[in-house]
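Encoded as structure tokens, the structure appears first; notes follow it.
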């Protein structure tokens, strides 16, 4: 999936609020020149469309800045948004070369229906993301795990995930990713049984009292 983005240089002294009123958001570009960064802007609507298609620390985009004659590959490193309005405040890009090794986070997707589900088991996905290292031009959209042969009691650790060539996992290899378990049945304790019997007796006694009261009232009439 090729995604192209175009930014413009940010006018010196411009304030973030003023830019947002004009339909722009502040953008920072890192990695093009050591530790230095470039202050840019991009239309808010284009930024919103970008974030519908691209994921932070996952999707490589073609970034162009025509007014300084710069273009290259970049990853979205950070997105800042209003905590409850969810309006965009800022985006940071980090430039990379196609063969450069990058550390990113990718989602874990389960494929198929576990054999243990036929036995009443439930697939518990403990990890939903994986930290990996790979070349910038080989970033996977997700890591798929086929659970078809997973039976009740099956457990998969990070070290057992089959990965595409050139990808290295950065997470603890002993971490549990998936397990298939049987739902725990509610345990009926002696105390809960006695409480239920007491409540039942109280309800029956209340009903009998109400019936006697109604009988007495009818006799008096």
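The values are calculated or read from the model by the stated rules, or taken from the named source; none is laboratory data. If you're wondering where the values come from, they're calculated on a predicted model, not measured in any experiment. Reconstructed Cβ throughout: ideal geometry from the backbone, glycine too, with neighbour counts over all protein chains shown.
Summary table below
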{"quantity": "Number of the exception - residue 79 against (1) touching a residue at least 60 places away in the same chain (Cβ under 8 Å); (2) surrounded by 14 or more Cβ atoms within 10 Å (Cβ to Cβ); (3) under 28 Å from residue 145 (Cβ atoms)", "calculated": "(1)"}
{"quantity": "Of the criteria (1) outside the structural domain of residue 63 (by TED's automatic domain parsing); (2) within 20 Å of the chain's Cα centre (by Cα), which one residue 138 fails", "calculated": "(2)"}
{"quantity": "Flag for residue 167 being touching a helix residue (DSSP H, G or I) at 6+ places or on another chain (Cβ under 9 Å), modelled with pLDDT of 90 or more and in the same structural domain as residue 23 (by TED's automatic domain parsing)", "calculated": "no"}
{"quantity": "Strands (runs of 3 or more DSSP E) enclosed by segment 87-157 - at least 1 residues per element that are under 17 Å from residue 176 (Cα atoms)", "calculated": "101-111, 122-125, 129-135, 143-146, 155-157"}
{"quantity": "Residue match in segment 68-82 (condition: within 30 Å of residue 142 (Cβ to Cβ), modelled with pLDDT under 90, within 20 Å of the chain's Cα centre (by Cα) and not in a strand (DSSP E or B))", "calculated": "yes"}
{"quantity": "Whichever residue in segment 6-35 is within 31 Å of the chain's Cα centre (by Cα), at pLDDT 90 or above and assigned to a loop (DSSP other than H, G, I, E, B) and, among such residues, is surrounded by the most Cβ atoms within 10 Å (Cβ to Cβ)", "calculated": "7"}
{"quantity": "Check on residue 43, over 25 Å from the mean Cα position of the chain (by Cα), closer than 26 Å to residue 137 by Cβ and modelled with pLDDT of 90 or more", "calculated": "no"}
{"quantity": "From the options 73, 64, residue that is touching a helix residue (DSSP H, G or I) at 6+ places or on another chain (Cβ under 8 Å) and either touching a residue at least 24 places away in the same chain (Cβ under 8 Å) or closer than 22 Å to residue 100 by Cβ (or both)", "calculated": "73"}
